[in-house]
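Novice: Just passing along the structure, written as structure tokens.
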Amino acid sequence: MKTKDTEQPTAKNLLLLDQQMCFALYSANLALNKVYRKLLSQLELTYPQYLVMLVLWERDEITVSDIGERLFLDSATLTPLLKRLETAGLLVRYRATVDERQVIIALTDNGRALREKAQAVPEAVMCATDCSLDEIVNIKQQLEKLRGKLIDQI
């Protein structure tokens, strides 16, 4: 039984799926990932790989831990992504000369060139949402605020 989106939470309906903030975020994320999957398939990237590339396009030659910090990912999750991107010829990994425990990630020429092809992705996603730029900015700010509050609770 589906509840109306406008129905207010009460003690009686609090455990209904449609009353759950987590489900609204989860299902919106699934839909957003489908949009990204279609767009990123043209770049031969997965969504997590795209996020790594975004970080590297902002700042090349950074450590694995810096990338992980930006993306909220641990090394165990990040390392396979980086290996696949390296195999695809988009980046290289090498040890830092100052501290050989650190692995530096740097874009290749192909990785830098892919940035140009990816330019259309953000606008295409915005069009798919049918939201104005102000709405997108507001949603993003609200989600960042929520993330901050949740991280503070961990």
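Novice: Quick one: what does P(r) look like for region 44-114 with 10 Å bins over all Cα pairs, in whole %?
Specialist: Pair shares across the bins are 21, 61, 17, 1.
Novice: On full extension of the chain, what length is gained from E69 through R101, given 0.36 nm per residue of separation minus the C-alpha to C-alpha distance? Spell out each step's value before the answer.
Specialist: Numbers: separation 32, 0.36 × 32 = 11.52 nm, distance 1.69 nm.
Between E69 and R101, full extension yields 9.8 nm more.
Novice: Dipole size in debye (nearest 20) for region 32-154 around its Cα centre, Lys and Arg Cβ +1, Asp and Glu Cβ -1?
Specialist: 340 debye
Novice: If you take P(r) over Cα pairs in 10 Å bins from 0, in percent from the coordinates, which of [x] 10, 37, 28, 19, 6, 0; [y] 11, 43, 38, 8, 0; [z] 9, 29, 32, 19, 8, 2, 0 do you get?
Specialist: Checked against the structure: label [z].
Novice: I'd like to know which of G89, I67, T108 lies farthest towards the positive end of the charge dipole of region 44-114, counting +1 on Cβ of Lys and Arg and -1 on Cβ of Asp and Glu.
Specialist: G89
Novice: Run lengths n ≥ 4 of DSSP H only: what is the helix-derived mean residue ellipticity at 222 nm for the chain, with -39500 (n - 2.57) per run over all residues, to the nearest 500?
Specialist: Details: 7 runs with 95 residues, N = 154.
For the chain, the value works out to -20000 deg cm²/dmol.
Novice: Could you work out which residue, out of L114, L56, L17, moves most in a Gaussian network model of the chain, that is, has the largest mean-square fluctuation with Cα springs under 10 Å?
Specialist: It is L17.
Novice: Give the total of Lys-Lys pairs in the chain with Cα-Cα distances below 15 Å; include a pair only if its members are 8 or more places apart or on different chains.
Specialist: On the way: K2/K12; K4/K12; K38/K117; K140/K149.
Summing the qualifying lysine pairs gives 4.
Read-outs throughout are calculated quantities, based only on the coordinates presented, and are distinct from any laboratory measurement. Being a predicted model, the structure only gives us computed values, none of them experimental. As a convention, Cβ positions derive from the backbone with ideal geometry for all residues, glycine included, and neighbour counts pool all protein chains shown.
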